[in-house]
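What follows draws every value from the coordinates through simple rules; no lab data is involved. As the structure is a prediction and not an experimental result, all values here were calculated from the model. Cβ atoms come from the backbone with ideal geometry, glycine included; neighbour counts cover every protein chain shown.
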Amino acid sequence: MPQIQAMEAAEVRSIVSGLGDELEPLLRDACGGRLGKIAWFRADWQRGGARTGRSTFRVEDGREVDVVVKVPVGPNEFTWNRRLQPGEVQQHEPKQKPLQSPDPGYPVYPTLHASGSSLGPYDLAWIVIERLSEGPLFSLRREDAMELMADAAARFYLQSSIYPVDKPPKTEDWTDLLEKARENAQCNQIHQVQRWNSLIKKVQAIADDLRAEWDARPCVDWCHGDLHPANAMSRSKKPGDPAMLIDLAGVHAGHWIEDALYLERLYWPLAEYVKKHPPLKLIAQARTRYGLPVNNGYCRLADIRRLYFAATAPAFLVSEGNPKYLDICLNLIEEKLAVLKSRPTTAAGVATTGSEDRNATGSASARASANTSANANADSANAAPVAPVVTTVTGTDKKTPADITPKTNGKLKKPNFDVA
């Protein structure tokens, strides 16, 4: 059996599907007969080749608890599933002492009931985890959803900080993606194509300098890598009950604002909601609450990231081609070009710190949303925090910088989020 990390998702699906009825008995046997009957399902936003199912698991005291089964899982997800279990976390002393936190040690990931690196004769890693009853948070229309998600992200950074960041950060080919974005805009004659052409050229003119700033960011965190609304859940509906994060396949070395902007971008069409619940500000505040560094100059780094996301949107027209979303990106490019040109940098290449950095207000996020609200549909701009539609780039299972995308189309659709 080939190593799972060397296979494409289509190959994994083919192998797992080929096991057919053999898969469930193998899992039950690996769990010592404690796993119940499995009801397999596939969520709309799943891209990989894994099979996911609901079941029950008999724990040590004889109780039957609801669980989710996933097979296969890649080495990264398998490793972090084990690392973030309470017993593992408690064996280490966190690098930072929590400040003014009710429970920094509250689990950030569901209980791992069983796991293995092989399944019978097959080289397929698998996990059986607690099924969380509430969520995803945004499908519940909870007013505190973004705050709970920011708190969960900060707890993830705190609890993962016990493990040395021993991997290089992710890299992106800005030159290629910006050129592809300009070509796609022209070839597909998207709305305001001349404006797109002009603005992307302006971004290209300063891209090398901005890329150098971005590459010089302190990559001292483990980032979740897939911080979106379908990946935050809770054990109860009680107000303030902590959220937990799922799907650890994308964990990577980097800077915490990568997660914050990945999340914020999904809600650019909901300008008023982002102004009221700014992800960047909320995560910065949560990090401070847990005694984690925020770093001066993070707002400039965030603006560089926003500019990159907005300017490369036409490179992914299959997933980011909604005209209203593209108009929002256009306005954001103009705003961030002006902001980034106006702020001087020090000899070390780090932007001088403005008031928004000192106060951790995240006002750049609010301004970006406010300035683009005129282009978003009125219903979307004032909608409740419903999880955006998750789309897939046709013909590939690889994730791109744009594979989780809001679709406005009058109103944001609410998918059926019935998954742990």
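A few notes on this one:
- Each of D209, D173 has some number of other Cβ atoms within 10 Å of its Cβ, and from fewest to most they run D173, D209.
- Phi angles of segment 285-295 translate, via the Karplus equation with coefficients 6.51, -1.76, 1.60 and θ = phi - 60°, into HN-Hα couplings of 5, 5, 4, 4, 4, 9, x, 9, x, 9, 6 Hz per residue; Gly and Pro are given as x.
- If R0 equals 35 Å, the separation of the Cβ atoms of E172 and R82 corresponds to a calculated FRET efficiency of about 0.75.
- Database remark: amide H of R51 closer than 5 angstrom to the amide H of V71 (H placed geometrically; neighbours at sequence offset of 5 or more, or on other chains; Pro and chain starts carry no H).
- Residues whose amide H lies under 5 Å from that of R217, counting only those 5 or more places away or on a different chain, are absent; hydrogens are built 1.01 Å from N in the peptide plane.
- Among the listed pairs K202/K336; K202/K341; K237/K275; K275/K336, those beyond 20 Å (Cα-Cα): K237/K275
- Protection proxy ranking, highest mean first, for peptides 189-198, 321-330, 259-268: 259-268, 321-330, 189-198, where packing is the per-residue count of other beta-carbon atoms within 10 Å, averaged.
- Put in order of Cβ neighbour count within 10 Å, fewest first, the listed residues S236, S115, S55 become S236, S115, S55.
- Under 5 Å, built H, 5+ apart or other chain: amide partners of T111: E130
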